[in-house]
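The values are calculated or read from the model by the stated rules, or taken from the named source; none is laboratory data. Because the structure is a prediction, the values reported are computed rather than measured. Here Cβ is always computed from backbone atoms with ideal geometry, including for glycine, and neighbour counts include all displayed protein chains. Each accessible area value is taken on the protein alone, full model and side chains, heavy atoms only, with ligands, DNA and RNA left out. Shrake-Rupley method; radii C 1.70, N 1.55, O 1.52, S 1.80 Å.
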Amino acid sequence: MPRRPHLIPIAVTPGRRGRSRVALAVVVLGLTLTGCSPGPVEIAVPSPAPEVADACTALIQAMPAKVLDAKRRKAEPASPLTTAYGDPAIEVTCGVAPPAGMAQAQSQCFEVNGVGWYAQQVTNGYLFTTIGRKVYLELAVPSKYAPEANALTDVSDAVKAHNTLITPCT
């Protein structure tokens, strides 16, 4: 049976029109992916003493690439004291003031992987603050990530390594 010409494989080199279509597809794909990526998240930057800021810089740099499988993302304004993960954002701030109620916090302290935390339920999730460490680190975890306290397991190694223990949970 004779072969039909339109079924014979041929090598095709993209002409000008073919390259234009490929370029257009790349641009459309890039715009689509950019549209799906969340932009920087706005996080208020604290103004701690220089020695606290130095300790916080090392701690924030040591934070993991992911928290609760959410990837790290940019915070705005850019600061070595803050970072964020996922959408909605899990916000991490170092060098904050002790939260209201901290005087009673020692009795409300709970430990996750050797790190003491104080938990406050807020409108859209939980606000966790380290207890008994050199600097206060705060994690704001939206209710989308319930149980919110699971985020603490992902950051505990960095906290233990870069935030000196002063007083353990009792």
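Which percent of Cα pairs goes in each bin when the distances of the stretch 44-170 are cut into 5 angstrom slices starting at zero?
2, 12, 23, 26, 22, 12, 3, 0
When ranked by the protection proxy of mean other Cβ atoms within 10 Å per residue, highest first, what sequence do the peptides 131-139, 147-155 form? Write out the running numbers ahead of the final one.
Working: 131-139: 22.1, 147-155: 18.3.
Packing order, densest peptide first, comes out as 131-139, 147-155.
Taking θ as phi - 60°, what are the ³J(HN,Hα) couplings along the stretch 60-65 by the Karplus curve (6.51, -1.76, 1.60), each to the nearest whole Hz, with x for Gly and Pro?
Residue by residue, the stretch 60-65 yields 5, 5, 7, 4, x, 5 Hz.
With contacts defined as alpha carbon pairs under 8 Å and 6 or more residues apart, what's the relative contact order of the stretch 69-170 in percent?
Worked out over the stretch 69-170, it gives 25 percent.
Apply the Debye scattering formula to the stretch 99-170, with a single equal point scatterer on each alpha-carbon and no solvent, then give log10 I(q)/I(0) at q = 0.19, 0.23, 0.25, 0.28 Å⁻¹.
With no solvent term, the Cα-only Debye profile gives -0.71, -1.02, -1.18, -1.39.
Would you mind telling me the share, in percent, of accessible area of the stretch 46-170 contributed by carbon and sulfur at probe 1.4 angstrom? Walk me through the numbers before you get to the answer.
Details: 3140 of 6080 Å².
Answer for the stretch 46-170: carbon and sulfur cover 52 percent of the accessible area.
At 7 Å along Cα-to-Cβ for each site, give me the label-to-label distance between residue 157 and residue 144 in nm.
2.5
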